[in-house]
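The values are calculated or read from the model by the stated rules, or taken from the named source; none is laboratory data. Since this is a predicted model, take the numbers as computed values, not measurements. Positions of Cβ are backbone-derived with ideal geometry, glycine not excepted, and every protein chain shown enters the neighbour counts. The protein model used for the area step is the full one, side chains on, heavy atoms only, and it has no ligands, DNA or RNA in it. Shrake-Rupley method; radii C 1.70, N 1.55, O 1.52, S 1.80 Å.
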Amino acid sequence: MEPVIVIENHIPFIKGVFDNLAQVRYLPPEEITPETMRDADALITRTRTRCNSTLLDNSKCKIIATATIGTDHIDLPYCESHGIKVVNAPGCNAPAVAQYVMAAILHTAERPLDTLTLGIIGVGHVGSIVDRWARSMGIKTILCDPPRAEKEGDGQFVSLETIADQADVITVHTPHTTSGPYPTHHLLSKQFLDSVKRKPVVINSARGPIADTQALIEALDNGKISKVVIDCWENEPDISPALLQRAAIATPHIAGYSKDGKIRATIAAIDAVAHYLNLNVEYNGPQPNEVPDSVTPEIIQATYNPLTDTMALKANPQEFENQRNNYNLRQEP
């Protein structure tokens, strides 16, 4: 008997891959419901589907593959306790987010790049590329990653206090966590933003709740920070009009939306589900480009202009989801 696979219909490059081997349903997020999941063996999704007891209690689903880095939308303890395997795509869109950050720096910098200090909070897949690319463009970087510092020693890492003291630009690349030794919820808090010394540009292209929206607004209004670049928002898609109005660059959670990143994520999801269900699939779609070791300002500017997306969102904030779901995937550097 053919397995049943539910696939969110906004996932690119996946159509037809499983169609000869399974019963496939391509559904928009709002139609991925307890009813449509009841007889599903597998789900391939993105972040807009809440994968929890409400969706899965009466489902026979045993694997969820999310074509994203994050798993905030998945109740991991529930899945573990119910024998549901969860697979994500770590690093799939890291170069695209790094491209976004570099473009944001180029559009907001008011001094030569070689006079800037970039504070990177979170030095995983994305932060590591941001570090490498920034240094290749002559920008000094300082790195803050307490979990890595604990494992690897303090040698290459600084504290949040040092970031606040020395950074002209601060970019965050952590997961969103509310517990554990280093919770990141509201990491960019009123206390932190009050402590910055150099009126930095602040960039959030990680997760919305990492930044306290009201604290960002107050820090802009009182001159503690000079500019905000925001791609990830609290309460998406119901974003703060006040923050949107004040943001130098404001985009609808598309920092990672490159063609290459989507290809990587889709291939990871296909491989995971095919392996789990023992299906001999053939993926004949496009392949991602190699990630370069270095970039130039000219390459970044030629591949992405964030002001186009900013103007679109500021003109029609109520179209946040539509702009995100129908985004014209860009090329990575």
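Give the cross-link partners of K224 among the aspartates and glutamates, using a straight C-alpha distance below 18 Å as the criterion and excluding same-chain residues fewer than 8 apart. Counting by Cα, and skipping residues close in sequence, K224 has these aspartates and glutamates nearby: E110, E161, D165, D168, D194, D212. Counting only lysines at least 8 places from K259 when in the same chain, those with an alpha carbon closer than 16 Å to its own are K15. For segment 1-40, what does the alpha-carbon gyration tensor say about shape, rounded, prolate or oblate, given a ≥ b ≥ c as the root eigenvalues, a/c under 1.5 as rounded, and a/b over b/c as prolate? It comes out oblate by the Cα gyration axes. Extending 7 Å from Cα along the Cβ direction at K85 and again at E30 yields two label points whose distance is 3.4 nm.
As a quick test, which of the pairs K197/K314; K190/K314; K199/K314; K140/K314; K151/K262; K60/K85 have an alpha carbon distance above 20 angstrom in this structure?
Values: K197/K314 29 Å; K190/K314 25 Å; K199/K314 24 Å; K140/K314 32 Å; K151/K262 31 Å; K60/K85 12 Å.
Too far apart for the 20 Å limit: K197/K314; K190/K314; K199/K314; K140/K314; K151/K262.
Helix-only mean residue ellipticity at 222 nm, the chain, DSSP H runs n ≥ 4 weighted -39,500 (n - 2.57), per residue, nearest 500. What is it? Mind showing how you got there, number by number?
On the way: 14 runs with 117 residues, N = 333.
Mean residue ellipticity, 222 nm, calculated: -9500 deg cm²/dmol.
Rounded if a/c is under 1.5, else prolate if a/b is larger than b/c, else oblate: which is segment 1-69, with a ≥ b ≥ c the root eigenvalues of its Cα gyration tensor?
It comes out oblate by the Cα gyration axes.
For the Cα atoms of the chain, what angle does the longest principal axis make with the long axis of helix 259-277, in degrees from 0 to 90, nearest 10? Between the helix axis and the principal axis of the chain, the angle is about 40 degrees.
Taking the longest Cα principal axis of the chain as reference, the axis of helix 94-108 is set at about 30 degrees. Placing dummy labels 7 Å off each Cα toward the beta-carbon, the span from D165 to K314 is 3.6 nm. With the biggest extent put first, the Cα atoms of segment 188-294 measure 59, 34, 22 Å across the principal axes.
Keeping all protein chains in place, calculate the accessible area per residue for the chain (probe 1.4 angstrom), answer in Å².
Working: 14740 Å² over 333 residues.
On a per-residue basis, 44 Å².
Provide the packing ranking of 61-71, 139-149, i.e. peptides ordered by the mean count of other C-beta atoms within 10 Å per residue, highest first.
Details: 61-71: 23.3, 139-149: 19.2.
Taking the mean over residues of other Cβ atoms within 10 Å, the ranking is 61-71, 139-149.
Specify the angular offset, from 0 to 90 degrees and rounded to the nearest 10, of the alpha carbon long axis of helix 306-315 from the longest principal axis of the alpha carbons in the chain. In the chain, helix 306-315 runs at an angle near 80 degrees to the longest axis.
How long are the three semi-axes of the equivalent ellipsoid for the chain, computed from the Cα gyration tensor as the root of 5 times each eigenvalue, in whole Å, largest first? It would help to have the intermediate numbers written out before the result.
Details: eigenvalues 250, 86, 77 Å².
Largest first, the chain gives 35, 21, 20 Å.
On the basis of the beta-carbon distance and an R0 of 22 Å, D154 and T178 show a calculated FRET efficiency of 0.30.
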